[in-house]
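So the structure is just underneath, and the comments pick up after that.
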Amino acid sequence: MAPASFGVHPGRVTVIGGGPGGYVAAIRAAQLGGEVTLVNKGPLGGVCLNAGCIPTKVLLHTAKAFETARDGLAIGLRAENVSVDWAALMERKRAAVDTLVGGVETLMATNGVTVLRGEGRLLSPREVAVKSEDGGSRAVQADAVIIATGSEPVIPPVPGFDLKGVITSTEALSLEGLPTSAVIVGGGVIGMEFAGLFSSLGVKVTVVEMLPEILPMFDGEIVSVLRGVLERKGVTFHTSSKVTSVERSGGALLVSADTPGGPVVLEGEKVLLSVGRRPVTVGLGLEEVGVKVERGRIRTDKKMETSARGVYAVGDCTSPIMLAHVASREGEIAAENALGGAAQMEYKTVPSAVYTSPEIASVGLSEKEALEKGHRVKIGRFPLMANGKSIILGESEGLVKFVVDEEYDEILGMHMAGPGATELIAEGALALRLEATVDEI
C-alpha cells in the first residue's frame with residue numbers, strides 16, 4: 001500500500017510509547033514510507049520485554065527444568081543435589097531482556113525511526129510536546145499520532161498494601177532471593193503464573209481471589225485441571241474471598257481476609273498484588289485535544305482511531321484485551337490507517353495463554369459464552385492421559401476441549417490444558433479464522 005500524502009509534510013507519524021504496540025506501529029509506519037518519531041520513557045520494549053512477558057518466561061523455564069531434574073527418576077534421569085542459583089537466574093533474565101531490548105533498538109535504527117527519550121503529551125492532534133529525560137523539552141509536529149502508553153499494576157486502597165514486602169509483579173521479577181512463603185492476592189493470569197513459579201521452587205503459596213474461581217476468563221473445566229495440579233504442589237486457594245488488611249509481625253506479613261468460611265489470617269514473607277492492570281492515560285493531554293476516555297481507557301473504533309481525527313491508540317491504554325500480540329496487531333492497524341489505509345481490527349481469533357505447568361490456552365468462545373450467544377453446541381473432550389506424547393513427557397494431566405456449533409459443525413472455540421498448549425492453540429486460532437469444521441482439522 002502506498003503511503004498517503006499529508007500536504008507539505010507527507011506521512012509524519014509520532015508514536016508515544018515503545019512497547020509491543022508502539023514499536024510495531026513505528027516499524028509498520030516506516031515501512032509504509034512514513035517519517036516516524038517514537039517518544040518513549042525508559043527502555044524500549046515496554047512492560048512486556050522489561051518487566052512482564054519475557055522475564056517471567058525466563059524464570060518459568062528454569063522452574064520447569066528444575067522440576068524435571070528434581071523428579072527425573074520418573075523418566076530414568078538421576079540428578080543429585082539439584083538446586084536453583086537465584087543470582088545466576090537473575091543474571092540470565094537480565095541478559096535475555098537486554099538482548100531483546102537491543103534488538104528493538106536495532107529495528108528502530110534500521111527502519112529509520114527517530115527515537116526521543118522522554119515523556120510525550122498532546123498539545124493538539126498534530127503536535128506532541130516531549131519532556132526529555134535530561135529535563136529539556138521540544139515540540140514534534142505530526143500528521144498522525146499513535147498513543148501506546150500501556151498499563152500499570154492496580155494497587156487497591158487496602159490498609160497495609162503500602163508495607164515493605166508487599167510487591168507487584170515488577171518487584172517479584174527482581175527479588176534478591178526466593179521467599180519461604182508468599183500470599184498472592186488475585187487469581188488471574190499473573191497470579192497463577194507466579195503461583196506456579198514459586199510453588200515449583202519450594203515456596204509455600206496461598207492465593208486469595210475475590211471471584212468464585214481462579215482464571216475466570218478461561219473455561220472452567222480447563223482451569224480445574226490447573227487448580228488440581230497446583231493444589232497437589234501445596235498451593236492453598238481461598239476463592240470468593242476478600243483481603244481486608246495487611247500487617248507486619250516480625251519478619252512476616254499477616255494478611256487478613258474474609259472467606260466463605262469466616263475471617264482468616266494468612267502469613268507470608270511476601271505479599272504479591274496481582275489484581276489486574278489499568279491503562280496509563282493520565283497526563284497525556286487527551287481530554288484537552290478531544291480524545292474521549294471512558295473509565296480510564298481511551299475509546300477507539302475498529303480502525304484504532306480515537307474521537308480526535310488523526311489520533312490513534314493501541315495496546316493496553318485502549319484495548320480490553322491486554323496482551324502483547326494484540327497490541328502489536330493494533331499497532332499495525334493504526335499505522336496503516338494513519339497513512340491512508342482502511343484496515344480494521346478483528347479480535348475473533350485472538351488466543352490467550354497462561355504459562356503455568358500445565359500450560360493453559362484458549363481461543364474463541366467458551367461453552368458458556370457460546371450458549372449465551374444462542375448457539376446450540378456440542379462438546380468434544382480429549383483427556384491427555386490417553387495421549388502418547390503426554391504420557392512420554394510425564395505430563396498427562398490435561399484436557400483438550402472443542403466447542404462446536406451443532407448445526408454446521410463449525411468450531412466456535414478451542415481450550416487446552418497440558419504440555420505445549422500455548423503453541424498448539426495456534427491451530428485453533430487458524431481454525432476459527434478459516435471457519436473450519438471439526439472434521440477439517
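Any read-out appearing in this document is the output of simple, stated calculations on the displayed coordinates, not a laboratory observation. The shown structure was predicted, so the numbers you read here are calculated from the model rather than taken from an experiment. Note that we place each Cβ from the backbone using ideal geometry, even for glycine, and neighbour counts take in every protein chain shown.
Worth a mention:
- Of 272, 44, 384, the residue with the greatest mean-square motion in the GNM of the chain, using alpha carbon springs below 10 Å, is 384.
- Charging the Cβ of each Asp and Glu at -1 and of each Lys and Arg at +1, and nothing else, the dipole of region 166-275 about its Cα centre rounds to 180 debye.
- Cysteines in the chain that, by Cβ-Cβ distance, have no pairing candidate under 4.7 Å: 317
- Overall shape: oblate for region 83-161, with the ratio a/c of the largest to smallest alpha carbon gyration tensor axis at 1.5 or above and b/c at least equal to a/b.
- Here's the picture: charge each Lys and Arg Cβ at +1 and each Asp and Glu Cβ at -1 in the chain, and of 342, 186, 141 the one pushed furthest to the positive end of that dipole is 141.
- Per-pair calculated FRET efficiency, R0 = 56 Å: residue 248 and residue 109 via Cβ, rounded to 0.05: 0.70
- Helix-only mean residue ellipticity at 222 nm for the chain, each DSSP H run of n ≥ 4 adding -39500 (n - 2.57), per residue, nearest 500: -9000 deg cm²/dmol
- At the listed q of 0.07, 0.11 Å⁻¹, the Debye profile of the chain, built from one uniform point per Cα, gives log10 I(q)/I(0) equal to -0.39, -0.97.
- Per-residue HN-Hα couplings for region 343-357 [Karplus 6.51, -1.76, 1.60; θ = phi - 60°; Hz; x = Gly/Pro]: 6, 10, 7, 10, 9, 4, 9, 6, x, 10, 9, 10, 8, 8, 10
- For region 223-281, radius of gyration divided by Kirkwood radius, i.e. Rg to Rh on alpha-carbons: 1.03
- Annotation: lysines with alpha-carbon distance below 21 angstrom to residue 164 (same-chain offsets under eight excluded): 204, 242, 270.
- Dividing the Cα radius of gyration of region 255-381 by 2.2 N^0.38 Å, with N the residue count, gives 1.43.
- Distance between modelled label sites at residue 82 and residue 434, nm, 7 Å Cα→Cβ extension: 3.9
- Translational diffusion of region 352-440 was estimated from the Stokes-Einstein equation, with Rh taken as the Kirkwood radius over Cα pairs; at 20 °C and 1.002 mPa s the coefficient is 162 µm²/s.
- Gaussian network model of the chain, Cα within-10 Å springs - most flexible of 283, 42, 315: 283
- Angle between the chain longest axis and helix 20-31 axis [Cα atoms, degrees, rounded to 10]: 40
- In a reduced charge model with +1 at each Lys and Arg Cβ and -1 at each Asp and Glu Cβ, the chain shows a dipole moment near 760 debye about its Cα centre.
- Entries in 348/373; 303/378; 373/401; 302/368; 57/348 that, when Cα-Cα distance is taken, lie over 24 Å: 303/378; 302/368; 57/348
- Counting every pair of alpha carbons in region 166-275, the share spaced more than 15 Å apart comes to 60 percent.
- Secondary structure note: in the chain, about 65% of the DSSP beta bridges are antiparallel.
- Which of 132, 390, 137 has the fewest Cβ neighbours within 10 Å, and the rest in rising order: 137, 132, 390
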